[in-house]
DNA sequence: ACCTGAACACCGTTCAAGT
DNA sequence: ACCTGAACACCGTTCAAGT
């Protein structure tokens, strides 16, 4: 597109601008529409210019994934640990569904390598500890809750394009039902379901 | 590779042979190694010849996915419905882990379009009914159990390439723990965990 | 350090032709 | 109907060069 620049001239790119453009591209054309070449076009740059700010397409997507988790609401520090765990998973579900194209990629990658993913994982362990669950049992509970939350978000987002769709409301309350069953099994359940 | 054939000569291809070669290719080179061109090479054929037996690469993978589910053990008809549900999900988990490269694709696709997937879904509903769960509650339970099983299989298979790995045994008993929590919550639990 | 130009080594899929 | 030959419209990534 932009042939007015010659080698050596800056285009004003930055890592942040590249990630932002990637989010725009996904929003407009879906995950399959996110190619290095389309991304370069959007930024008015040749494809290889991106590699000055991003190590690879895989790395770019990894950063995108972890950035999404920054939007998850952290529970208050002093509150009820059971409610905190419920709200944390529930907020994660909502945040994931706000970026439906990225959800299927989550379980494919190792679930917890980015900064935000690790931080959320530690918050979970802290709240589990406060609820009386520690050691290996806490890590078991943590994995089950993560799988349920990301898995159900993936299920919901893939069902969105289906002909005989369920209403998102129904799938959300389905997610909540499972979450309560799990919290009860782990031993941190509130008295009543919603 | 094979330049000895001229247009019009048969190569002896069939849908079954294509699917079989696809499985071999995945086993040797992983899912990313499954390309139409590599598949054609393996069969001694030009890439476009495959389109006489398969509608697209996506369709091929869909068939591969559903074929895997044919290996799942069906529960005995007359037994305890709680045990049947447990064994069915447990067998599904094992079968999925026997094909780790295909697992991440499952949740990305609509979970239940193939023949075998639908058949297993109906078996679940039958056993839930026998356990006293019917109607919308049964479909809720069904979704939660499916998400847990496929999700945990995906988690386990992605953790297999990890440096600080957990033993597969540990992840399997982690899966079992979550499964028992869910069955208890649904209302079809056995008295004791494993 | 940041970008362009050009290229490498691939993809899935289609179209026309041959038997 | 089943295959080849050739091509279309793409990919991610690398290498050399320019400022």
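Please treat every number below as a calculation from the coordinates, not as lab data. The model shown is predicted, which means the values in this text are computed figures rather than measured ones. Virtual Cβ from ideal backbone geometry, glycine too; neighbours counted across all protein chains shown.
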- Message: Relative to 2.2 N^0.38 Å, what does the C-alpha radius of gyration of segment A:2-51 come to as a ratio? Two decimals please.
- Response: 1.13
- Message: Using only DSSP helix segments of four residues or longer, with each worth -39500 (n - 2.57), what per-residue ellipticity at 222 nm results for chain A after dividing by its residue count and rounding to 500?
- Response: -20000 deg cm²/dmol
- Note on the structure: Kirkwood-based Rg/Rh on the Cα set of segment B:82-182 evaluates to 0.98
- Query: Dividing the convex hull volume of the alpha carbon atoms of the protein assembly as shown by its residue count, what do you get in Å³ per residue?
  - Reply: 182
- Message: What does the copy distance list look like for residue A:159, label position 7 Å along Cα→Cβ, in nm and ordered from shortest?
- Response: 2.6
- At what distance in angstrom do the alpha carbon centres of segment B:1-67 and segment B:118-135 lie from each other? 37
- Message: What does the structure give for B:138-145 when I average, per residue, the other chain Cβ atoms found within 10 Å of the residue Cβ?
- Response: 5
- Per the axis that maps chain A onto chain B, nearest residue of A (Cβ criterion) and its distance in Å: A:151, 1
- Item | Diffusion coefficient, µm² s⁻¹, Stokes-Einstein with Kirkwood Rh over alpha-carbon pairs of segment B:4-104 at 4 °C and 1.567 mPa s | 84
- Query: Taking only C-alpha pairs under 8 Å that are 6+ residues apart, what is the relative contact order of chain A in percent?
  - Reply: 18
- Shortest first and in nm to one decimal, what separations exist between residue A:37 and its copies in the other chains, measuring from label points 7 Å along the Cα-to-beta-carbon line? 1.4
- Message: Mean-square fluctuation check for chain B, GNM, Cα pairs under 10 Å: which of B:92, B:35, B:149 is largest?
- Response: B:35
- Inter-copy separations for residue B:49, label at 7 Å along Cα-Cβ, nm, ascending: 4.5
- Query: Hey, if you drop one equal point scatterer on each alpha-carbon of chain A and run the Debye formula without solvent, what base-10 log of I(q)/I(0) do you get at q = 0.16, 0.19 Å⁻¹?
  - Reply: -1.00, -1.25
